[in-house]
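Here's the structure, in structure tokens; my notes come after.
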Amino acid sequence: MKQNRDETSNHIELRELVSEIQNISTSLEKLKIDVENLKNKPSISKRIWNMFGFQNLPIVSYSDDLKFSVDSLKVSNGKIYSYGWVFHRKKIIKQIRMLVYKRGTTEVFSVQYGNQRIDVAQDFQYAQAEFSGFIISGRIPKGKCKLFLELKFNDDSDQVIDLNYVSSNLQTKLSISKRRIKKAFSYLFRGKIAELIWKSKQIIMSDRKFNQSLHLNKFKEIINSYKKLPFILVIDHKMGGGANLYRQRLIEKNSRETPVLLLVYDIPHLEYGLTYYYKSENITFKLDSIESLQNLFESNYINVSEIFVNNLVSFEFPISVIKFIVNLKVNFKAQLIVPIHDYFCICPSFTLQDYNGNFCGIPDIQQCRICLPKNKGDFQQIVNYSDIDSWRSTWHLLLTKADKILCFSESSYKYIAKAYPDLMVNNIQIEPHSVDYLPVEKPEISKKFPMNIGILGNISDIKGANVIRKIIEIIEEHKYPIKVTVIGNMDFVPKAQCLTVTGSYKHSQLPKLIEDMGINIGFVPSIVPETFCYVVNELMYYDLPIATFSLGAQAERVSTYSKGVIIPEIDPSVALEELMKLYHEYYSNNIEEEIIK
């Protein structure tokens, strides 16, 4: 009987789903017409904007060869976050800028472009589609502004996208609807009915997530039954990477016995999120400000026994958050733990890059007073702060109140001690991360020609993308028989025969990927100091020869490794030379002669 009920329920849900797919299909033609009409609106709107004082707006026109979607656009209190994709069928986009027009003024902001979009590549059979993703994050003038994307192409032509219209998501709806319909029919044809229904429910729940977020009072009711239990408050960003992985494991371990609250700042939605974890429970609601959270704690609904400040990068007002944390520590007499996942506690430029883009070495603070106001690094997109004295004094307050400061390497300990020489040494502990998440199996390292340089992770410019691009130029120019393989993603991937970029991967896949790709040399090209560097430990675990620059935890680990080489300067030609020497040492006595030939 139960099976019959389940089958009946599935058939009903399936009929409803097919009906919904048909409704979406019939509306696609209307959306196409709307998008075509959209192309003609800007010329009319320009005259209207001029009437209200928005003169000299750029000329907007959309060709059939330009494909784009603004998947999300959020603006709040002078902050903006947007992401989407754009490519031209016949041209290469070499730069994207955001133009912000306010009465009488025009400001230009950089846009991160070249992110991998596998979904777009699946929908459009053009080489430019795969790495067409863009991200906009930063601060813009408050008040009414007009927003545009300016595209610069490889033939020196340009084109402008009007964000004031596409933010209505007509083109996004069109592309998303097409993808969903294609996937839905794919499931139907393969007979995967249950999976289709489950996927559809996930999409519906995702689309309705904002409307179903719990109200603060409802949240109080839920946790009131655990009022007497001591809570752990974890504060972290939501940007991915090693810090989030560390936090996830921390919560999984502690929430079995103790209620845990996770506070994050969600950049894509420009809002705070608070999640409650306890045993099998997992409840989330949203906050409009840090003051809302403060009211929750002042109402004595929660007893905080521990505050774990995992990472504050991306938080809207980090100085205010630090003061809030210190007050909580004092009021609840809670244990305060501060792990060092980056160097945000030393400088808003949390990778310690100066205004020239180089590692600063933590100079005298007088030099910092000159550097920070001039520094236009990417960190300015998420934290706009130029007073290094107040920054250091506020963080000093937090660090001196901390019961424990966790460093994951000797080098990070030394950097913290250099910036804050009066910190109590007893409060600082060095605890390297574990790599027990790696599979037991190990790859068989290829000892055959040719040399294949392996790079792991998501490679942005600070992770060495520009270094890799220049190394590839040298290889191509001299026709060296050398391959470069990025297991992961890379910003602005150059077209080169010697380069392979695999895309995202799971750690369980690493041994097979390394073996199948024929990687025989590991390279960690980060141009900033790491606080631990998981990648170095992963490459060491797989017994690969490794080279890295003389910076941070990556150099600290490689310097003690029998198959490691420290590259003396951040120079692509020097790096390639050292990598070739390393390959020669471990694999072939004749390789140098073969490469030179």
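The values are calculated or read from the model by the stated rules, or taken from the named source; none is laboratory data. In this text, all values refer to a predicted model and were calculated from it rather than measured experimentally. Positions of Cβ are generated from backbone atoms using ideal geometry, with glycine treated the same way; all protein chains shown enter the neighbour counts. Heads up: the accessible areas ignore ligands, DNA and RNA and are worked out on the full protein's heavy atoms, side chains in. Shrake-Rupley method; radii C 1.70, N 1.55, O 1.52, S 1.80 Å.
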Let me know the shape class of the stretch 392-503, please: from the alpha-carbon gyration tensor, a ≥ b ≥ c as square roots of the eigenvalues, rounded when a/c is under 1.5, otherwise prolate if a/b is greater than b/c, or oblate. prolate
Ranked by accessible surface with a 1.4 Å probe, highest first, in what order do Leu397, Leu250 come? Leu397, Leu250
The stretch 320-365 to the stretch 66-130: how many Å between their Cα centroids? 31 Å
Let me check something: with ligands and nucleic acids excluded, how do Met517, Met451 order by accessible area (1.4 Å probe), largest to smallest? Met517, Met451
Please list Glu150, Glu431 in order of solvent-accessible area, largest first, computed with a 1.4 Å probe with all protein chains present. Glu431, Glu150
Among 363-374, 311-322, 413-424, how do they line up by average Cβ neighbours within 10 Å per residue, starting with the highest? 311-322, 413-424, 363-374
Filter the cross-link list Lys67/Lys483; Lys253/Lys463; Lys329/Lys404; Lys144/Lys286; Lys74/Lys142 down to pairs whose alpha-carbon distance in this structure exceeds 21 Å. Lys67/Lys483; Lys253/Lys463; Lys144/Lys286
Between rounded, prolate and oblate, where does the stretch 464-597 land on the alpha carbon gyration tensor, with a ≥ b ≥ c its root eigenvalues, rounded for a/c under 1.5, else prolate if a/b exceeds b/c? rounded
What nm value, rounded to one decimal, do you get for the distance between Ile370 and Ile430 when each label is placed 7 Å out toward the C-beta? 3.3 nm
Please report the net charge: other residues with Cβ closer than 13 Å to the Cβ of Gln380, K and R +1, D and E -1. +2
Give, in nm to one decimal, the length gained when the segment between Asn282 and Tyr126 is fully stretched (0.36 nm per residue of separation minus the Cα-Cα distance). 52.0 nm
Whole-angstrom gap from the stretch 383-416 to the stretch 449-502, using each part's C-alpha centre: 35 Å
